[in-house]
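The next block holds one structure in the form of structure tokens; read it before the comments.
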Amino acid sequence: MEAFSMLAQLTGDEEKAAQAASSAGFAYGLAAIGPGIGIGYLVGKSVEAMARQPEAAGMVRTTMFLGIAFTEALALIGFVVFILIGL
């Protein structure tokens, strides 16, 4: 609640900057939903595959980490884009 009262006291350019920062944070939160769901699905299916075929666990684990890295890159790209838009 204190943050909202601080925003109410801002004027002019400060208010626009605060709105841009909060909008960028909200947009990044929305952009992180997709990769979060993707990583959860990927890890769940990988665990299921390792449980079904334990002898292939090493290959499945390697592929899982590659998939996590590529999926997480989407969230990082979204973070950078929203920071650049906010500035």
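Since every read-out is calculated from the coordinates, none of them should be taken as a lab result. Computed from a predicted model, the values in this text were never measured in an experiment. Quick reminder, even Gly has a Cβ in these numbers, built from the backbone with ideal geometry, and neighbours come from all protein chains shown.
A few comments on the model shown:
- Residue ID - surrounded by the most Cβ atoms within 10 Å (Cβ to Cβ), chosen from residues in region 33-87 that are in contact with a Leu (Cβ under 9 Å, 6 or more places away or on another chain) and hydrophobic (A, V, I, L, M, F, W, C): M64
- Pairs, first part of a helix (DSSP H, G or I) in region 48-68, second of a type in the set (S, T, N, Q) and loosely packed, with under 15 Cβ neighbours inside 10 Å, C-beta under 8 Å, six or more apart: V60/Q53
- For F82, the conditions (1) over 30 Å from E14 (Cβ atoms); (2) touching a Ser or Thr at 6+ places or on another chain (Cβ under 9 Å) are fulfilled apart from (1).
- Selection of region 69-87 for residues being touching a residue at least 24 places away in the same chain (Cβ under 8 Å) and over 30 Å from K16 (Cα atoms) yields T71, E72.
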